[in-house]
Amino acid sequence: MDAAEFRKRGKEMVDYIADYLEKIDKRQVFPDVEPGYLRPLIPDCAPQDPETFEDVFKDIEKIIMPGVTHWHSPYFFAYFPAASSFPALLADMLCGGIGCVGFSWAASPACTELETVMLDWLGKMINLPEEFLAGKDGQGGGVIQGSASEATLISLLAARTKAIRRGQSEKPELTEADIMGRLVAYASDQAHSSVERAALIGGVKIKTVSSDDTFSVCGSSLKKVLDEDKASGLIPFFFCATLGTTPCCSFDKLLELGPICNKENIWMHIDAAYAGSAFICPEFRHFLNGVEFADSFNFNPHKWLLVNFDCSAMWVKKRSDLTGAFKLEPLYLQHHHQESGNFIIKCNYYYFHWQIPLGRRFRSLKLWFVLRMYGVTGLQEHIRKHVRLSHEFEHLVLQDERFEVCAEVVLGLVCFRLKGSNELNKALLKSINEAKKIHLVPCHLREKFVLRFAICSRTVESTHVKFAWQHISQLATDLLKTWEQNHH
């Protein structure tokens, strides 16, 4: 394919994507395929001779689309939102076009510098304390990771390095292995499974801290576990607080937890993967009070801020804590600007010291396009609309005495269920997802099996929410009839 054909095919592809997104509500939200559907539809081996673009293009609808779950459908209410917008898609095209691998400043100066500035923009939008910003000469700063899971892992590894160095300076006779074997990380019993995975990869013990009846961790629960562990010779070194948990969007009590972590020399990381985007609205910013005690903080613009995946924003108070843990500099990655007095260079802005992979894409372009073309007010309106729609759904649920709402509705998530057994609610979810008109996923809140209704799509409106509720309500009516006959 030469440049002339690329122009022609590029325009066709843009039209195809625009049509796909404009008419996505006409497609069935969840696919009608069985595992293994795709293999029989394509040849066993790659073609020996080139095929035409037309050959490939016609197979999109034939082979790919039948197996796609349409995350951007206004009938998709599962998981949490996956952000998408036309400015972000265009920026991603440009990122692919430039195709740089921006691990260091010299590898592509704009790639490094735009990211530094965009993370400052974003930090200011959510009113992050000054220490987390790079500014002109700050100690902190932000980086785009691939996901919140990566941000948690990176912060845990940095905390581990710090704890080992501290342990050895206090007791030089201890080996790294002696200290490693005693380190313990902590997270809420509601925390995402990625925190446990980070501890697994980091080779350290992890313990869950019990949440209260609002599914939040408070200071006294953490203190109790820490006291027990210290008494038995363990070394607490890391706590991951969650703002907007995956099961029910609950918020750990930062103002109680932060001072404890600071006093005990424990690295506090805050995972606000979904909820963090809402902090651009002043009415939701109070959930972030206490961030001043944290060492690192992360949220995903690729969930709720109209920037498509992947774009997970992470800030640290002292970037030397990260770079100190991951710094390795072979000669082929060094260059002549390194010794200059220039701020960007002097301050460790070698992003490969901030992450697991060496290479990175020019992801800050997506942020730059979206923040400029929506503006803060446009993004705030997007968040507020989703929150309004979740309260509208909550209101519909509460009007039907057969149902209950199982957790406070704060942002765009409603946790609800039929009053009755877990088996009944599993049957309801099964009938909802088998009908394939809308898509939901469940969670467990204590011993209850609960249905999650998350407002996800950029294009979702009140009509879609009302349709979803009527559909759920009708399926519940049908289910209860047969359920009563079969269970008496």
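Here is a yes/no grid of residues against (1) over 24 Å from residue 372 (Cα atoms); (2) open to solvent by less than 30 Å² (accessible area, probe 1.4 Å):
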{"position": "109", "(1), (2)": "no, no"}
{"position": "124", "(1), (2)": "no, no"}
{"position": "133", "(1), (2)": "no, yes"}
{"position": "138", "(1), (2)": "yes, yes"}
{"position": "149", "(1), (2)": "yes, no"}
{"position": "155", "(1), (2)": "yes, yes"}
{"position": "182", "(1), (2)": "yes, no"}
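Which residues, counting only those in the range 121-140, are within 21 Å of residue 289 (Cβ to Cβ) and either in contact with a Lys or Arg (Cβ under 8 Å, 6 or more places away or on another chain) or in contact (Cβ under 8 Å) with a residue 12 or more places away in the chain (or both)?
Scanning the range 121-140 gives 122, 123, 125, 126, 127, 128, 129, 131, 132, 133, 140.
Say we look at the range 418-467 and pick out the residues that are over 25 Å from the mean Cα position of the chain (by Cα) and within 21 Å of residue 386 (Cβ to Cβ); which of these is least open to solvent (accessible area, probe 1.4 Å)?
The extreme case among them is 432.
Filter the range 388-427 down to the residues that are among the aliphatic types (A, V, I, L, M) and out of contact with any Lys or Arg (no Cβ under 8 Å at 6 or more places or on another chain) and list them by number.
Across the range 388-427, the qualifying residues are 389, 397, 398, 405, 407, 409, 410, 411, 424, 427.
Mind checking which residues of the range 43-58 are hydrophobic (A, V, I, L, M, F, W, C) and open to solvent by 70 Å² or more (accessible area, probe 1.4 Å)?
45, 46, 56
In the range 1-52, which residues are of a type in the set (A, V, I, L, M) and assigned to a loop (DSSP other than H, G, I, E, B)?
Residues satisfying the conditions are 1, 29, 33, 38, 42, 46.
Which numbered condition trips up residue 111, out of (1) within 30 Å of residue 443 (Cα to Cα); (2) modelled with pLDDT under 85?
Only one criterion is unmet by residue 111, namely (1).
I'd like the residue in the range 88-107 that is farther than 15 Å from residue 310 by Cβ and assigned to a helix (DSSP H, G or I) and, out of all such residues, is most open to solvent (accessible area, probe 1.4 Å).
Checking each candidate, the answer is 93.
What's the total number of residues in the range 94-109 that are without any contact (Cβ under 8 Å) to a residue 40 or more places away in the chain and of a type in the set (A, V, I, L, M)?
1
Find the residue count for the range 59-87, including only residues that are farther than 27 Å from residue 34 by Cβ and either open to solvent by 50 Å² or more (accessible area, probe 1.4 Å) or in contact with a Pro (Cβ under 9 Å, 6 or more places away or on another chain) (or both).
Of the residues in the range 59-87, 2 are farther than 27 Å from residue 34 by Cβ and either open to solvent by 50 Å² or more (accessible area, probe 1.4 Å) or in contact with a Pro (Cβ under 9 Å, 6 or more places away or on another chain) (or both).
If you check residue 188 against the conditions, is it assigned by the TED database to the domain that holds residue 299, in contact (Cβ under 8 Å) with a residue 40 or more places away in the chain and farther than 20 Å from residue 313 by Cβ?
yes
So which strands (runs of 3 or more DSSP E) are wholly in the range 207-311 and hold at least 3 residues that are touching a Leu at 6+ places or on another chain (Cβ under 6 Å), under 29 Å from residue 166 (Cα atoms) and of a type in the set (A, V, I, L, M, F, W, C)?
Those strands (runs of 3 or more DSSP E) span 235-242.
The values are calculated or read from the model by the stated rules, or taken from the named source; none is laboratory data. What you see is a predicted model; the values in this text were computed from it and never measured. Here the Cβ is made from the backbone with ideal geometry for all residues, glycine too, and neighbour counts use every protein chain on show. Just so you know, the surface numbers come from the protein's heavy atoms only, side chains and all, with ligands and any DNA or RNA stripped out. Shrake-Rupley method; radii C 1.70, N 1.55, O 1.52, S 1.80 Å.
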